[in-house]
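Computed from the coordinates by the stated procedures, all read-outs in this text should not be read as laboratory data. Quick caveat: nothing in here was measured; it's all calculated off a predicted structure. Heads up, the Cβs are rebuilt from the backbone with ideal geometry, glycines too, and the neighbour counts pull from every protein chain shown.
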Amino acid sequence: MRMKAMEVPFFDLTQQYRLIRDEVNAGALQVMEDCRFVLGEDVNSFEREFASFCGTEYAVGVANGTDALRLALLSCGIGRGNEVITVPNTFIATTEAISQTGAKVVFVDVNLSTYNIEVSRIEGAINERTRAIVPVHLFGQPADMDPIMEIARKYNLEVVEDACQAHGAEYKGKKVGSIGDAGCFSFYPSKNLGAFGDGGMVITHGNKIAAKIEILRDHGQLRKYQHMVEGYNSRLDEIQAAILRVKLRRLDGWNKLRRKNASIYNEFLEDVDEAVTPSEAEYAKHVYHLYVIRTRRRDELQEWLKSKGIGAGLHYPIPLHLQKAYENLGHKEGDFPVAEECAKQILSLPMFPELTREEIEKVVSEIKTFFARH
Ligand SMILES: Cc1ncc(COP(=O)(O)O)c(C=O)c1O
């Protein structure tokens, strides 16, 4: 009998579910038994627990990570006529949130070793309309927050951290999201902390920002049918909160496993000169939402892996300044060369806590075979 070759998925949520099934099922069922579905005791408790996990005073649950960013920016007073600085190599949600406040997106290129905002280029993008910086902690690696905060204080700018890919990551011992004026998280199912649907959270030390988001997420209501402003319908629901409470208790353990898997990849890939492995900045505790290598033969390598039953992804193949959606900003190829190089060369390999050493070995052995033959 011929053995079927081992396949390695890009990620696999089923294994995690099996481990926590009884607890999450019980949490979700209790919400149904109680018939309390919106902004109830599980959302309250999860907000408290997530704030405590991140080391902030406040956390406000919202419908998704995009809304977390949009409501955080709005509550910082960002809107029409303002400019907000961010990076071109992120998921479009970061810039959608900025544009949807009425502000203009201003891109700054990234650093080739961290893939995060190139701090030395920020001041060159600031003018009298600039009101905020949105650093993105891409792939789970923290952006260099100290100099970002220094620039922000110098020019009186708000800092809204996009921590949607970096739950539990640390910058000099502090949890990301807790350093700027507000930190935003997505609980999209595949994130390091993922719900069973959509969810999001804003964390902050500022009671004014937290209070504004609480009003904005619920139709501008302070109390039922007392609308202080026009708001949004962007609430975290009770079932998701009940599930996220169970999963939050395991997040540190899962991040540890992701870090271990990253170090196994690094070790196995050390002698593969054609692939640049991710670097962890000396100030960072990276949580490897994605394990991303860089290679000139990216497209061929992805095809090769696919033909061997190995999932690999592109995050992201077209930088935002070259997307049709941002034609209005008038950018052209060459404007942000590092982000453009990343878009052409990066490849995300399978990464999730339950990935085994054997599976990583299989991925790396196929990468080695590819480079030996091509
Ligand atoms: C960097 C980044 N920002 C924002 C978001 C938006 O989160 P959501 O999908 O929950 O709206 C995501 C995730 O999808 C993301 O990866």
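Considering only alpha-carbon pairs that sit under 8 angstrom and 6 or more positions apart, the relative contact order computed for segment 186-316 is 16 percent.
Taking 0.36 nm per residue of sequence separation and subtracting the Cα-Cα distance, how much length would be gained by fully extending the chain between LYS172 and ASP252, in nm to one decimal? Extending this stretch completely gives an extra 27.1 nm.
Going by how many other beta carbons lie within 10 Å of each one, how would you line up MET351, MET201, MET149, fewest first? Could the numbers behind the result be given before it?
On the way: MET351 22, MET201 31, MET149 17.
Fewest-to-most ranking of MET351, MET201, MET149: MET149, MET351, MET201.
Simple spin-label estimate for ASP335 and GLN100 gives 2.2 nm between the two label positions (7 Å along the Cα-to-Cβ direction from each Cα). In order along segment 77-92, the phi-based Karplus estimate (6.51 cos²θ - 1.76 cosθ + 1.60, θ = phi - 60°) of 3J(HN,Hα) comes to x, 7, x, 3, x, 9, 10, 10, 8, 8, 10, x, 9, 8, 6, 4 Hz; Gly and Pro are listed as x.
Take every DSSP beta bridge with both residues inside segment 122-185 and express the antiparallel ones as a percent of the total, to the nearest 5.
Working: 2 of 8 bridges.
For segment 122-185, the DSSP antiparallel bridge percentage is about 25.
Using only side-chain charges placed at the Cβ, +1 for Lys and Arg and -1 for Asp and Glu, the dipole size of the chain relative to its Cα centre rounds to 320 debye. Shown is the FRET efficiency for ASP12 and GLU282, computed with R0 = 30 Å from the Cβ-Cβ distance and rounded to the nearest 0.05: 0.40.
Positive end of the dipole of segment 154-246 (Cβ unit charges, origin at the Cα centre): among ALA182, ILE239, GLN226, the Cα lying farthest that way belongs to ALA182. Residues in segment 287-324 near a label at ASP273, defined as backbone nitrogen under 12 Å from the 7 Å Cα→Cβ point? Nothing falls inside the zone, counting backbone N under 12 Å. With neighbours defined as other Cβ atoms within 10 Å of a residue's Cβ, the residues HIS289, HIS321, HIS205 order from fewest to most as HIS205, HIS321, HIS289.
Between GLU303 and LYS324, the FRET efficiency estimated from the beta carbon spacing at R0 = 30 angstrom works out to 0.70.
Hey, with R₀ at 41 Å, roughly what FRET efficiency would ARG48 and LYS154 work out to, going by the Cβ-Cβ distance, to 0.05? Let's see the in-between values first.
On the way: r = 34 Å, r/R0 = 0.84.
Working from the Cβ atoms, E equals 0.75.
Between ASN127, ASN116, ASN82, the Gaussian network model of the chain with springs among Cα atoms under 10 angstrom shows the greatest mean-square fluctuation at ASN127. Loop-located GluC sites (Glu not before Pro) in segment 265-345 (DSSP state other than H, G, I, E, B) with a sparse environment of at most 15 neighbouring Cβ atoms within 10 Å: GLU270, GLU282, GLU333.
Sorting VAL287, VAL229 by the number of Cβ atoms found within 10 Å of their own Cβ, with the fewest placed first, yields VAL229, VAL287. Within the listed set TYR225, TYR58, TYR115, the Gaussian network model of the chain (springs between alpha-carbon atoms below 10 Å) gives the highest mean-square fluctuation for TYR225. For GLU158, nonlocal amide neighbours, meaning residues 5 or more places apart or on other chains whose placed amide H falls under 5 Å from its own, are ALA132, ILE133. Taking every Cα-Cα distance in the chain and sorting them into 10 Å bins from zero, the calculated P(r) comes out as 5, 24, 32, 25, 12, 3, 0, 0 percent.
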